[in-house]
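To start, the structure itself, in structure tokens.
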Amino acid sequence: MQASSPFNLNDEKFMTRALDLAIKAIGRTSPNPLVGCVIVKDEQIVGEGYHLQAGTPHAEVHALAAAGKQACDATAYVTLEPCSHYGRTPPCAEALIRAGIKRVVVAMKDPNPLVSGRGIDHLREVGIQVDVGLMFDEASLINEVFLKVITTGLPFVVYKTAMTLDGKIATETGDSRWVTTEVSRQYVHQLRDRYDVILAGKNRSHPG
């Protein structure tokens with residue numbers, strides 16, 4: 001017999017909101033992950049926030065500040081495990097404990113060796129209910145860059161090229177201006193805004 005899920009439809013609704021908040025900072029948090037947090041009491045959002053930039057307060061801190069005293073006995077929805085160590089900012093797990101949060105719903109554990117389940121364990125040790133895994137796939141996708149780097153030590157690389165439908169990057173006369181469309185060119189600017197480093201090349205000779 002399968003164990004019943006600790007999650008309900010409202011949990012998914014609030015985690016969806018947390019994920020929507022997290023992606024507001026795409027391209028701004030590196031090398032930190034994207035994180036969103038929503039504080040809910042009596043099925044109403046009383047505070048929300050997201051990590052804006054590396055070195056600044058984390059999502060939980062912003063959400064708790066917005067919630068104020070209403071955070072006591074509330075539920076926190078967080079897209080990534082709250083940190084439990086001191087880095088450039090204090091640990092978010094401690095902030096949740098001090099605020100009197102009674103339940104924390106976490107989309108996924110943080111694979112960072114400095115966290116790696118410690119934040120979840122710390123919350124549970126003080127009696128807070130912690131449920132993990134809600135919308136795991138969505139949370140993993142928004143942090144695919146962070147997850148690749150933190151688990152492998154290798155960079156996340158996107159290869160972009162403009163080519164015609166028959167696989168060419170220029171006409172037979174060498175003309176390559178606007179092989180793509182306006183929509184695709186706008187998308188390229190979004191990619192440039194998201195990633196840390198851009199490597200461009202030209203006049204590469206082809207073998208053979």
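Points to keep in mind about this one:
- Of residues in the stretch 1-43 being in a helix (DSSP H, G or I) and free of Cβ contacts under 8 Å to residues at least 60 places away in the same chain, the one most open to solvent (accessible area, probe 1.4 Å): Leu9
- Enumeration of residues in the stretch 44-66 that are buried (at least 24 other Cβ atoms within 10 Å of the Cβ) and among the β-branched types (Val, Ile, Thr): none
- Within the stretch 156-197, if we keep just the residues that are surrounded by 10 or more Cβ atoms within 10 Å (Cβ to Cβ) and basic (Lys, Arg), the residue that is farthest from Asn143 (Cα to Cα) turns out to be Lys168.
- Among (1) farther than 24 Å from Phe7 by Cβ; (2) in contact with a Pro (Cβ under 6 Å, 6 or more places away or on another chain) - the single one Ala162 does not satisfy: (2)
- Flag for Ile128 being within 23 Å of Ser84 (Cβ to Cβ) and touching a residue at least 60 places away in the same chain (Cβ under 8 Å): no
- Flag if Asp121 is within 14 Å of Glu81 (Cβ to Cβ), open to solvent by 70 Å² or more (accessible area, probe 1.4 Å) and either out of contact with any Pro (no Cβ under 7 Å at 6 or more places or on another chain) or touching a residue at least 60 places away in the same chain (Cβ under 8 Å) (or both): yes
- Residues of the stretch 83-107 classified as open to solvent by 10 Å² or more (accessible area, probe 1.4 Å) and under 17 Å from Pro33 (Cα atoms), total: 8
- Matching option when the condition is over 18 Å from Val78 (Cβ atoms) and at pLDDT 75 or above, among Val132, Val145: Val145
- Residue that is most open to solvent (accessible area, probe 1.4 Å) [pool: residues in the stretch 108-118 that are of a type in the set (D, E, K, R) and within 28 Å of Glu43 (Cβ to Cβ)]: Lys109
- Screening Gly153 against (1) under 17 Å from Ser30 (Cβ atoms); (2) in contact with a Lys or Arg (Cβ under 7 Å, 6 or more places away or on another chain); (3) open to solvent by 40 Å² or more (accessible area, probe 1.4 Å) leaves a single unmet condition, (2).
The values are calculated or read from the model by the stated rules, or taken from the named source; none is laboratory data. Treat the numbers as computed from the prediction; the structure is a model and nothing was measured. When we count neighbours, we look across all protein chains shown, and the Cβ atoms used for this are built from the backbone with ideal geometry, even at glycine. The area values use the complete protein model at the heavy-atom level, side chains included, leaving out ligands, DNA and RNA. Shrake-Rupley method; radii C 1.70, N 1.55, O 1.52, S 1.80 Å.
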